[in-house]
Amino acid sequence: MPDLSKLITSLHPDLRAEMEAHAILQEVTQGTEILREGQYVKVIPLVLDGLIKVYSRHEEKELLLYYIKSQESCIMSFAAGMKNEPSKIFAVAEEDTRVLLLPTDKVAQWVRRFPDVNQLFFQQYNIRYTDLLATIHQLLFDRMDKRILDYLVNKSMLTGRNPIKISHRQIAGELGTAREVVSRIMKKLENDGKIRQEANMIEIL
């Protein structure tokens with residue numbers, strides 16, 4: 001079992017013991033669907049290393065909401081799990097990921113017993129709130145060329161890779177637009193000297 005004390009600044013020894021007794025350590029390969037819309041949440045993920053993409057879908061279009069990075073959790077899974085409501089989001093492993101799965105029934109007990117749990121998820125609420133505000137701001141105010149370039153820069157920072165292996169179709173899916181729009185803008189970004197494209201690889205210059 002990993003050192004759980006690194007997940008929050010002060011983890012109560014009794015809580016750490018509870019997590020070690022009941023949490024499940026799981027390795028998830030890239031592309032694996034972890035949660036889908038309408039599914040009831042039975043476990044809440046804590047990412048130890050790797051990356052999970054959280055998105056919503058409407059009429060065959062997807063919209064990237066946020067990424068869950070190392071030592072972060074999915075607050076929307078937490079909310080649905082605590083209320084025993086179906087999930088409103090999809091979650092997919094963006095790369096090979098190690099995740100600690102916390103049973104929702106145990107988390108409900110820990111919330112009442114350990115202030116550390118409330119601290120952990122309060123921090124997650126703050127992170128996700130900031131992420132979602134940034135997404136709304138981009139949708140309302142940013143031109144599509146800026147959204148695409150910001151998306152690529154963020155993807156490179158999160159994965160630590162440049163070039164990035166990604167297709168125009170994938171970009172369009174995550175930004176909720178058409179592939180043709182992405183292809184046109186990518187060509188313009190390349191002509192402007194901001195990116196370089198080769199097959200399904202995109203390098204940020």
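Here, each number is a calculation from the coordinates, and none is a lab measurement. All of these numbers come straight from a predicted model, not from anything done at the bench. As a convention, Cβ positions derive from the backbone with ideal geometry for all residues, glycine included, and neighbour counts pool all protein chains shown.
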Partner lysines whose C-alpha sits under 16 Å from that of Lys106, ignoring same-chain residues fewer than 8 away, are Lys42, Lys83
Place a +1 charge on the Cβ of each Lys and Arg in the stretch 102-152 and a -1 charge on the Cβ of each Asp and Glu, then give the dipole magnitude about the Cα centre in debye, rounded to the nearest 20. 160 debye
More than 23 Å apart - percent of Cα-Cα pairs taken over the chain: 48 percent
Taking the Cβ-Cβ separation of Phe141 and Lys194 as r and a Förster radius of 22 Å, what is the calculated FRET efficiency to the nearest 0.05? 0.65
What number, rounded to the nearest 500 deg cm²/dmol, is the helix-based mean residue ellipticity at 222 nm of the chain, given -39500 (n - 2.57) per DSSP H run of at least four residues and division by all its residues? -14500 deg cm²/dmol
Per-pair calculated FRET efficiency, R0 = 25 Å: Arg169 and Asn126 via Cβ, rounded to 0.05: 0.15
Report, by chain and number, residues whose modeled amide H sits under 5 Å from the one on Leu65, excluding near sequence neighbours (fewer than 5 apart, same chain). Val54, Tyr55, Ser56
Between the alpha-carbon centers of the stretch 13-69 and the stretch 71-107, tell me the distance in whole angstrom. 4 Å
At a Cα cut-off below 22 Å, give the lysines reachable from Lys165, other chains included and same-chain residues fewer than 8 away excluded. Lys53, Lys61, Lys69, Lys146, Lys155, Lys187, Lys188, Lys194
Which of the DSSP-defined H helices in the chain satisfy a minimum axial length of 30 Å, computed from C-alpha atoms, and a minimum mean Kyte-Doolittle hydropathy of -1.0? 115-141
